[in-house]
Amino acid sequence: MIIAIPRETVPGERRVALVAESVKRLVGRKHEVVVESGAGLGAECSDEELHAAGARIEPSTDALYAKAEVLLKIQPPDDAEVERLKPDSVLVSLAYPLANPALARALAKRRVTLLAADMVPRTTLAQMMDVLSSQATIAGYRAVVLASEALPRLFPMLMTAAGTIPPAKVLVLGAGVAGLQAIATARRLGAVVEAYDVRKVVKEQVESLGARFVNIDIEDAAGSGGYAKELGEEAKRKQAEVLAQHVAKSDAVITTAQIPGRRAPVLLPADMVRRMKSGSVVVDIAAEQGGNCELTRVGERYRTDFGVTIVGERNLPAQLSVHASAMYSRNMEKLLAHVTDKDNVLKLDVSDEIVKGMLITRGGEVVHPAVADVAM
Ligand code: NAD
């Protein structure tokens with residue numbers, strides 16, 4: 001099977017879909033790997049290193065797409081990339097097909113088979129292929145590092161001859177994959193951490209990381225597949241009332257709350273942020289999904305006129321491109337192993353739960369029922 005890795009073209013995207021270590025293992029399994037020249041540079045992976053691992057380096061983008069039987073990417077393809085994809089080739093990429101059905105329609109029109117990397121089912125078996133989890137882990141860590149950098153205070157408690165420094169107070173909103181990693185990272189840096197999630201089932205996980213769970217007496221909002229449901233108006237009001245007190249006394253608030261297929265919920269309205277101390281920081285991981293903070297400016301970090309710094313930077317995983325790529329690459333390897341037979345031939349078996357969840361287009365049609373519904 002010819003596996004192709006193009007250079008990512010979205011500005012600021014420094015990750016690559018396969019790193020040298022994975023290339024070596026895939027070539028060892030008799031696959032051919034072709035990498036566009038320079039594709040790994042943003043992740044500190046040179047053409048020489050990829051070549052030494054067994055990849056062929058292809059200088060021409062058109063030639064790379066023309067060779068690909070399976071093309072592995074990170075960012076959803078743009079129009080020009082869709083046009084380059086060969087009919088009957090397979091694309092594995094982030095695609096957000098429920099939010100962006102037009103891409104699914106365009107790929108179907110081109111007879112490209114799409115396996116959406118963001119549609120891996122959240123099951124134990126699929127965990128090794130789950131790029132949402134691997135990249136959210138990185139984002140959670142990075143958010144805390146950004147908060148510590150923007151905060152004009154220390155995170156840990158220090159008892160020194162020059163006085164005692166109290167630990168920073170960090171509040172994490174949303175305790176999914178990114179939130180739990182943010183809690184763990186803030187704890188490692190010595191902060192006192194509180195966390196809140198609408199799914200009460202995470203209380204135990206939050207506490208096991210040494211943080212305090214903020215209890216709010218509203219309905220549990222655990223939805224299907226472990227995801228959250230949207231709250232009702234009365235619950236939202238009650239939540240805001242309690243959160244306001246915790247936000248006001250926090251030095252840093254990291255927000256990670258998301259609801260699949262919806263705009264991220266606003267947990268920090270402007271008046272709540274105004275009650276934070278001057279010098280405090282908000283890092284909004286959900287910035288690109290609409291933001292959990294009303295004052296977030298997507299892609300920006302700025303200080304408000306009342307002294308709170310708000311970080312709404314895009315694509316936090318790309319800032320740690322080496323490890324983000326290594327984890328994405330390992331997810332891709334596991335996925336390829338799952339969808340190829342013992343002779344290394346691609347077999348997309350739709351009775352398999354993972355394939356069924358990820359397979360969006362095939363044979364010129366949008367075949368995923370939920371995507372087909374929105375793509376009409
Ligand atoms: P996500 O990115 O969709 O959302 C992040 C968190 O925000 C979630 O915990 C959610 O409950 C929370 N949230 C939503 N609305 C909120 C609100 N109004 N206030 C506060 N918090 C709010 O979630 P995720 O990190 O992708 O994880 C979703 C679920 O999937 C979790 O249960 C996780 O354990 C599970 N999961 C399972 C696997 C697996 O088994 N393979 C892998 C990854 C995640």
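What residue, among those in region 193-225 that are among the aliphatic types (A, V, I, L, M) and over 19 Å from PRO260 (Cβ atoms), is modelled with the lowest pLDDT?
Of all residues in region 193-225, those among the aliphatic types (A, V, I, L, M) come to 193, 195, 198, 201-202, 206, 209, 211, 214, 216, 218, 221-222.
Filter again for over 19 Å from PRO260 (Cβ atoms), leaving 193, 195, 206, 209, 211, 214, 216, 218.
Details: VAL193: 98, ALA195: 98, VAL206: 98, LEU209: 98, ALA211: 98, VAL214: 96, ILE216: 90, ILE218: 85.
Of everything passing the filter in region 193-225, ILE218 is modelled with the lowest pLDDT.
Scan ALA95, ALA17, ALA99, ALA43 and give me the residue that is over 19 Å from SER325 (Cβ atoms) and not polar (S, T, N, Q).
ALA99
Which condition from (1) within 16 Å of the ligand (Cβ to nearest atom); (2) touching a residue at least 60 places away in the same chain (Cβ under 8 Å) is the one that LEU94 breaks?
That leaves (2) as the condition not met.
Does region 32-49 contain any residue that is of a type in the set (Ser, Thr, Tyr), under 30 Å from HIS368 (Cα atoms) and either in a strand (DSSP E or B) or modelled with pLDDT of 95 or more (or both)? Steps first, answer last, please.
Step one: list which residues in region 32-49 are of a type in the set (Ser, Thr, Tyr), which gives 37, 46.
If we keep only those that are under 30 Å from HIS368 (Cα atoms) too, we end up with none.
Among the residues of region 32-49, not one is of a type in the set (Ser, Thr, Tyr), under 30 Å from HIS368 (Cα atoms) and either in a strand (DSSP E or B) or modelled with pLDDT of 95 or more (or both), which makes the answer no.
Here is a list: VAL82, VAL112. Which entry is in contact with a strand residue (DSSP E or B) (Cβ under 6 Å, 6 or more places away or on another chain) and not charged (D, E, K, R)? Working first, answer last.
Numbers: VAL82 fails: in contact with a strand residue (DSSP E or B) (Cβ under 6 Å, 6 or more places away or on another chain).
Answer to the check: VAL112.
Here is a list: LYS229, LYS249. Which entry is within 23 Å of GLY291 (Cβ to Cβ), near the ligand (Cβ under 10 Å from one of its atoms), basic (Lys, Arg) and surrounded by fewer than 20 Cβ atoms within 10 Å (Cβ to Cβ)?
Details: LYS249 fails: near the ligand (Cβ under 10 Å from one of its atoms).
Answer to the check: LYS229.
Name the residues in region 14-31 that are assigned to a loop (DSSP other than H, G, I, E, B), crowded, with 18+ Cβ neighbours inside 10 Å and out of contact with any Cys (no Cβ under 7 Å at 6 or more places or on another chain), would you?
Step one: of region 14-31, the residues assigned to a loop (DSSP other than H, G, I, E, B) are 14-19, 29-31.
Right, trim to crowded, with 18+ Cβ neighbours inside 10 Å and you get 14-19, 31.
Hits for region 14-31 are ARG14, ARG15, ALA17, LEU18, HIS31.
Within region 199-207, is even one residue away from the ligand (no atom under 11 Å from the Cβ) and in a strand (DSSP E or B)?
First, the residues of region 199-207 that are away from the ligand (no atom under 11 Å from the Cβ): 203-204, 207.
Cutting the leftovers down to in a strand (DSSP E or B) gives us none.
No: region 199-207 contains no residue that is away from the ligand (no atom under 11 Å from the Cβ) and in a strand (DSSP E or B).
Looking at GLY299, is it within 14 Å of the ligand (Cβ to nearest atom) and not basic (Lys, Arg)?
It is false that GLY299 is within 14 Å of the ligand (Cβ to nearest atom) and not basic (Lys, Arg).
Which condition from (1) of a type outside the set (S, T, N, Q); (2) in contact with a Ser or Thr (Cβ under 9 Å, 6 or more places away or on another chain); (3) surrounded by fewer than 19 Cβ atoms within 10 Å (Cβ to Cβ) is the one that ALA117 breaks?
Status for ALA117: all satisfied but (3).
Within region 112-129, is even one residue at pLDDT below 95 and among the hydroxyl-bearing types (Ser, Thr, Tyr)?
yes
If you scan region 276-293, which residues turn out to be modelled with pLDDT of 95 or more, surrounded by 15 or more Cβ atoms within 10 Å (Cβ to Cβ), more than 9 Å from the ligand (Cβ to nearest atom) and at negative phi?
Listed by number, the residues that qualify are MET276, SER280, VAL281, VAL282, VAL283, ASP284, ALA287, CYS293.
Considering only residues that are more than 16 Å from LYS334 (Cβ to Cβ) and surrounded by 12 or more Cβ atoms within 10 Å (Cβ to Cβ), look in region 350-363 and name the one that is farthest from the chain's Cα centre (by Cα). Outline the logic, then answer.
Within region 350-363, the subset more than 16 Å from LYS334 (Cβ to Cβ) is 350-351, 356, 359-363.
So of that shortlist, the ones also surrounded by 12 or more Cβ atoms within 10 Å (Cβ to Cβ) come out as 356, 359-362.
On the way: LYS356: 21, LEU359: 19, ILE360: 20, THR361: 22, ARG362: 25 Å.
Checked region 350-363; the qualifying residue farthest from the chain's Cα centre (by Cα) is ARG362.
Pick out the one residue from ALA222, ALA235 that is out of contact with any Ser or Thr (no Cβ under 8 Å at 6 or more places or on another chain), near the ligand (Cβ under 9 Å from one of its atoms) and over 23 Å from SER133 (Cβ atoms). Explain how you work it out, then say what you get.
Values: ALA222 fails: over 23 Å from SER133 (Cβ atoms).
Exactly one of ALA222, ALA235 is out of contact with any Ser or Thr (no Cβ under 8 Å at 6 or more places or on another chain), near the ligand (Cβ under 9 Å from one of its atoms) and over 23 Å from SER133 (Cβ atoms), namely ALA235.
Which of the residues belonging to region 76-93 are part of a loop (DSSP other than H, G, I, E, B) and surrounded by 19 or more Cβ atoms within 10 Å (Cβ to Cβ)? I'd like the intermediate steps shown before the answer.
Restricting attention to region 76-93, the residues satisfying the condition of being part of a loop (DSSP other than H, G, I, E, B) are 76-78, 85-89.
Once the filter is applied, which keeps residues that are part of a loop (DSSP other than H, G, I, E, B) and surrounded by 19 or more Cβ atoms within 10 Å (Cβ to Cβ), region 76-93 yields PRO76, PRO77, LEU85, SER89.
Where the second residue is among the aliphatic types (A, V, I, L, M) and modelled with pLDDT under 95 and the first is on the phi < 0 side of the Ramachandran plot and surrounded by 17 or more Cβ atoms within 10 Å (Cβ to Cβ) and lies in region 190-214, which pairs have Cβ atoms under 6 Å and are six or more apart or on separate chains?
VAL198/ALA221; VAL198/ALA228; ARG199/ALA222; ARG199/ALA228
Can you pull out the helices (runs of 4 or more DSSP H) entirely within region 227-329 that have at least 2 residues that are of a type in the set (Gly, Ala, Ser) and farther than 30 Å from VAL33 by Cα?
Numbers: elements: 233-248, 270-274, 316-319.
So the answer is 233-248.
The values are calculated or read from the model by the stated rules, or taken from the named source; none is laboratory data. Predicted model, so just to flag it, every value in this text is computed and none were measured. So basically every Cβ, Gly included, is an ideal-geometry build from the backbone, and we count neighbours across all protein chains shown.
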